[in-house]
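Undergrad: The structure is given below, and queries will be raised subsequently.
The values are calculated or read from the model by the stated rules, or taken from the named source; none is laboratory data. Quick caveat, the model's predicted, so the values are computed rather than measured. Each accessible area value is taken on the protein alone, full model and side chains, heavy atoms only, with ligands, DNA and RNA left out. Shrake-Rupley method; radii C 1.70, N 1.55, O 1.52, S 1.80 Å.
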Amino acid sequence: MASSSGTSSESIQIQNSGSEEDLQAIMKKRKQKRMLSNRESARRSRLRKQKHLDDLTAQMDQLKKENGEIMHALNVATQGYFAVEAKNSVLRTQHLELSNRLQSLNEIAFYLSGNGSGGGGEEVGFGGGEANNCEGLVRPWSLMPGESMAMYQYC
């Protein structure tokens with residue numbers, strides 16, 4: 001019996017050693033499978049990161065392009081603004097000059113019409129048969145074309 005019990009314990013050890021080898025093989029396969037899965041997951045993660053980086057780079061390029069277009073439009077608008085501002089300044093100066101000239105001419109017309117201290121203005125006309133009519137001086141837009149220079153002539 002001692003020999004039979006020794007034989008049965010040897011067969012259990014052989015079965016255990018066989019199952020330990022099978023268990024180690026299974027563990028090794030699982031480990032390799034996990035490593036392969038981790039490698040594939042890491043590869044997908046790197047691809048996602050690369051795609052995200054590429055998308056951000058493309059977005060940055062697009063935003064730089066849009067920024068350049070906006071800056072160009074701003075420069076054009078600024079130049080237009082300065083041109084209009086310069087023209088406006090010229091027009092304001094011309095308006096002031098013409099207002100002063102009109103005021104002077106109205107004062108002359110008032111003086112020549114006899115309402116001033118000089119008197120006897122009935123003989124003085126502005127040319128073109130418009131004696132004692134200073135409407136063209138007060139409202140220059142009411143003048144007919146060609147009459148603008150005639151009103152400045154003295155008879």
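Undergrad: Output ³J(HN,Hα) for segment 52-67: one whole-Hz value per residue in order, computed from phi by the Karplus curve 6.51 cos²θ - 1.76 cosθ + 1.60 with θ = phi - 60°, and x for Gly and Pro.
TA: So the Karplus estimates, Gly and Pro as x, are 4, 4, 4, 5, 5, 5, 5, 5, 4, 4, 5, 5, 5, 5, 4, 4 Hz.
Undergrad: While we're on this one: Any idea of Glu107's accessible area? Nearest 10 Å², probe 1.4 Å.
TA: Accessible surface of Glu107 is approximately 110 Å².
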